[in-house]
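Remarks on the structure that follows.
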Amino acid sequence: MADKSWSVPLSDLVVSDDMRRAVDDAVGSGWWSMGPRVEEFEGAFSELLGSRHAFGVANGTAALHLALLAGGCGPGDEVIVPSLNFVAAANTIAHVGATPVFCDVKGNGDLNLDPDDVAAAITPATKAIVVLHYGGFACDMGAVLELAERHGLVVIEDAAHAPGSRYDGRMCGTLGAIGCFSFFSNKNLPVGEGGMVVTDDDDIADRVRLLRSHGMTTLTWDRHRGHASSYDVLVQGFNYRLDELRASMGLVQLRRLEQENAARRKIARQYGDALDGVNGVSMPFRERLGEGDSAHHLAVALVSDPETRDSIRLELAEHGVQTSLHYPPIHCFTAYRDTGGRRLPRTEDAASRLITLPLFAHMRPDQVTTVIDAVIAAM
Ligand SMILES: *Cc1c(COP(=O)(O)O)cnc(C)c1O
């Protein structure tokens, strides 16, 4: 649970008896590393998404790293990624030896990537696009997939915000070649640290399976069960496995996901109705707030004057309302300053004006009102 000094924390966890029981059962099973609960979690996640394969991994960053490697990205390749994003995608692109090429967002009404700017960023060296479904709102996958098809690019979905989100009736994470999810504590499906890679492609699945576990042909779990006695190593892999305790938590969270996303949706709509257009505030994705296709991971408001943003955040903090920024653009960080001459004016404008408001499924009505009143008073 969050720091009690906030009357409305940015996010919050549910500590329930069924969660305690699930973890207790996993502990009592006597097998703590990857085993039957991970398999069950993968199966349930696959089923939810309608994907052929799902691989539980250590975290969402590991999922992205595996996706890039399994997608064939390496030295000399360029990978297009939105700059208004968490830094993990850019870091992992760099870790495989490729170069992240940043693309701009559509604008203040839509903080997802702009397909026209993706098209402008494509060069003969472009190998892949790592898309983000910002805040749970699916990006323009139709346009992305068309570009990818035309230029022979691999599409990797960073679906860290989007478990349960849909695009055109299909689940986010299953639209591109590979989907990556995070189960970090503040995400929609929290287990502490964890992630998932999903794909329908059998060859990609084989590579992910190998790379997740040192490139070894058999798992400790298989050897424990007497299914194998030795192993070969086919590629230089990693230990990116998920464990039984986290998987047991994931299974509990998965059962709640749909209901919790619906609760987030309702609050997002209340924010939109109460705040959009008030005292110069605008709400990105305004017409999609409260829509069933988004997992509503984030509630973001834009202030009219960037000069006032930080003082407004301080004033909200004085009212006990915790806020955040999603995100400082990646190309503004020291490690990523060299954009190769690309300009990202809409990313910079939105990032200078945005404030992330509290949003979690079990927010009480009085907490929602506290946030709305505090925002209106602070503007
Ligand atoms: C959380 C997050 C990640 C990284 O996930 P971890 O599980 O923390 O490694 C990657 N991309 C986005 C967009 C995220 O929000």
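Taking the Cα centre of the chain as the origin, how large is its charge dipole in debye, to the nearest 20, when only Lys and Arg (+1) and Asp and Glu (-1) carry charge on their Cβ atoms?
Numbers: 34 positive and 50 negative charges, 93 e Å.
Computed about the Cα centre, the dipole is about 440 debye.
Figure note: Tyr231, Tyr134 ranked by solvent-accessible area, largest first, 1.4 Å probe, ligands and nucleic acids not counted: Tyr231, Tyr134. Taking Lys and Arg as +1 and Asp and Glu as -1, the other residues whose beta-carbon sits under 13 Å from that of Asn279 total -4.
Determine, for the chain, the count of lysine pairs separated by eight or more sequence positions (or lying on different chains) whose alpha-carbon distance falls under 26 Å. Provide the component values of the computation, followed by the final result.
Working: Lys4/Lys187; Lys4/Lys266; Lys106/Lys127; Lys106/Lys187; Lys106/Lys266; Lys187/Lys266.
Count of close lysine pairs: 6.
Where a ≥ b ≥ c are the square roots of the eigenvalues of the C-alpha gyration tensor, would you call segment 231-379 rounded, which needs a/c under 1.5, or, failing that, prolate if a/b is larger than b/c, or oblate? Don't skip to the end; give the middle numbers.
Values: a/c = 2.28, a/b = 1.27, b/c = 1.79.
In terms of gyration-tensor shape, oblate.
Determine the relative contact order of segment 188-249: mean sequence separation of Cα pairs under 8 Å and six or more apart, normalised by residue count, in whole percent. Kindly include the intermediate steps, with their values, before the conclusion.
Details: 59 pairs, mean separation 23.9, N = 62.
The normalised contact order for segment 188-249 reaches 39 percent.
With protein chains left intact and a 1.4 Å probe, residues in the chain average 42 Å² of accessible area per residue.
For the chain, with all protein chains present and a 1.4 Å probe, just round the carbon and sulfur fraction of the accessible area to a whole percent.
On the way: 7690 of 15770 Å².
Result for the chain: 49 percent of the exposed heavy-atom area is carbon or sulfur.
Extension gain for Ala335-Tyr231 works out to 33.5 nm (0.36 nm per residue, less the C-alpha to C-alpha distance). Each part reduced to its alpha carbon centroid, segment 103-122 and segment 320-334 end up 19 Å apart. Dividing the Cα radius of gyration of the chain by 2.2 N^0.38 Å, with N the residue count, gives 0.99. Between Ile376 and Asp200, the contour length at 0.36 nm per residue exceeds the alpha carbon distance by 58.7 nm.
Of Arg241, Arg337, Arg313, the residue with the greatest mean-square motion in the GNM of the chain, using alpha carbon springs below 10 Å, is Arg337.
Trp221 sits with roughly 40 Å² accessible to a 1.4 Å probe, with DNA, RNA and ligands left out of the calculation.
The values are calculated or read from the model by the stated rules, or taken from the named source; none is laboratory data. Not measured: the values here are computed from a predicted model. In this analysis, Cβ positions are derived from the backbone assuming ideal geometry, glycine residues included, and neighbour counts consider all displayed protein chains. The area values use the complete protein model at the heavy-atom level, side chains included, leaving out ligands, DNA and RNA. Shrake-Rupley method; radii C 1.70, N 1.55, O 1.52, S 1.80 Å.
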